[in-house]
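Asker: This is the structure, below, for whatever I ask next.
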Amino acid sequence: KNGDAPTQLFTSQNEIKGLTQDTDFLYASGCQLNGKSTLQQIAKANGAANIVATDARCARIVAADTANLYLIISDRASGDELHRVPKTGSAFEKIATLALYPVVVGRIVADERLIYWTTRQDAGKPQGDADDYNSILALNRAGTPIKVIAIQQPRPSALAMDAANLYWSNCGTARFTFENAGLMRAAKSGGAAVLIAPGICATDLAVDAGN
């Protein structure tokens, strides 16, 4: 943050599909060409890497808490599934199905209690995906219940949060010549989604104390 030169901690021969962290470690999920995934723990102090778990399916790490890591495994037959694996290593444990094809998980964030995600239509879906409306959803880390934060959102993309709210960007629909794009906010506790700024279609969002 002070503008120093970046430090390389580790390299991977696999495509990195997700990255999260705790106080002392980074956790990265990488996928091989054959679809197998490897979940690694990387020490922030020296870059030392250890394999936490492997799976025959490609997994995208999305969050961490004190004891566990949380990952998404995508499959057209089974849908997009949320899995958990202990940081000490073990087999993947399915918690919940978050979306069923052609609806898939878009962006995902997590706080100390809940996991939040956007849905979107799979890019391979036939005609009409530009006009699809999707949702912002949440569930606790035990897998229940699923909470609806917002529905009928025109192509939600970027997703971020602070202590009280979720923020996302709607990229709009062709049906309305994309004029329904905008930056949105909704309270984690529930309530109507609020338009903060119209016309904004963002692929990434960051939130601080005032902006």
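Asker: For region 138-174, how many residues are more than 23 Å from THR97 (Cβ to Cβ), among the hydrophobic types (A, V, I, L, M, F, W, C) and under 16 Å from the mean Cα position of the chain (by Cα)? Give the derivation first.
Answerer: Of the residues in region 138-174, the ones more than 23 Å from THR97 (Cβ to Cβ) are 154, 158, 160, 162-165, 167, 169-174.
Still in the list and also among the hydrophobic types (A, V, I, L, M, F, W, C): 158, 160, 163-164, 171, 174.
From what's left, under 16 Å from the mean Cα position of the chain (by Cα): 158, 160.
Residues meeting the conditions: 2.
Asker: OK, next. Of the residues that sit in region 56-102 and are among the small types (Gly, Ala, Ser), over 16 Å from the mean Cα position of the chain (by Cα) and over 19 Å from ASN14 (Cα atoms), which one is most open to solvent (accessible area, probe 1.4 Å)?
Answerer: At the first step, the residues of region 56-102 found to be among the small types (Gly, Ala, Ser) are 56, 59, 63-64, 67, 74, 77-79, 89-91, 96, 99.
Now drop any that are not over 16 Å from the mean Cα position of the chain (by Cα), which leaves 56, 67, 77-78, 89-91.
Still in the list and also over 19 Å from ASN14 (Cα atoms): 67, 77-78, 89-91.
Working: ALA67: 57, ALA77: 93, SER78: 55, GLY89: 29, SER90: 64, ALA91: 72 Å².
Here the answer is ALA77.
Asker: Next up: Return yes or no: is GLN8 polar (S, T, N, Q), exposed (fewer than 13 other Cβ atoms within 10 Å of the Cβ), at pLDDT below 90 and more than 19 Å from VAL109 (Cβ to Cβ)? So that I can check it myself, show each step before the final result.
Answerer: Numbers: polar (S, T, N, Q): yes; exposed (fewer than 13 other Cβ atoms within 10 Å of the Cβ): yes; at pLDDT below 90: yes; more than 19 Å from VAL109 (Cβ to Cβ): yes.
Yes.
Asker: Only one of ASP80, ASP132, ASP65 is under 19 Å from ASP22 (Cβ atoms), out of contact with any helix residue (DSSP H, G or I) (no Cβ under 9 Å at 6 or more places or on another chain) and of a type outside the set (A, V, I, L, M, F, W, C); which?
Answerer: Working: ASP80 fails: under 19 Å from ASP22 (Cβ atoms); ASP132 fails: under 19 Å from ASP22 (Cβ atoms).
Matching residue, one of ASP80, ASP132, ASP65: ASP65.
The values are calculated or read from the model by the stated rules, or taken from the named source; none is laboratory data. Everything quoted here is computed from the prediction, not taken from an experiment. Using ideal geometry, Cβ is built from the backbone for each residue, glycine included, and neighbour counts are taken over all protein chains shown. Heavy atoms of the whole protein, side chains included, go into the accessibility calculation; ligands, DNA and RNA do not. Shrake-Rupley method; radii C 1.70, N 1.55, O 1.52, S 1.80 Å.
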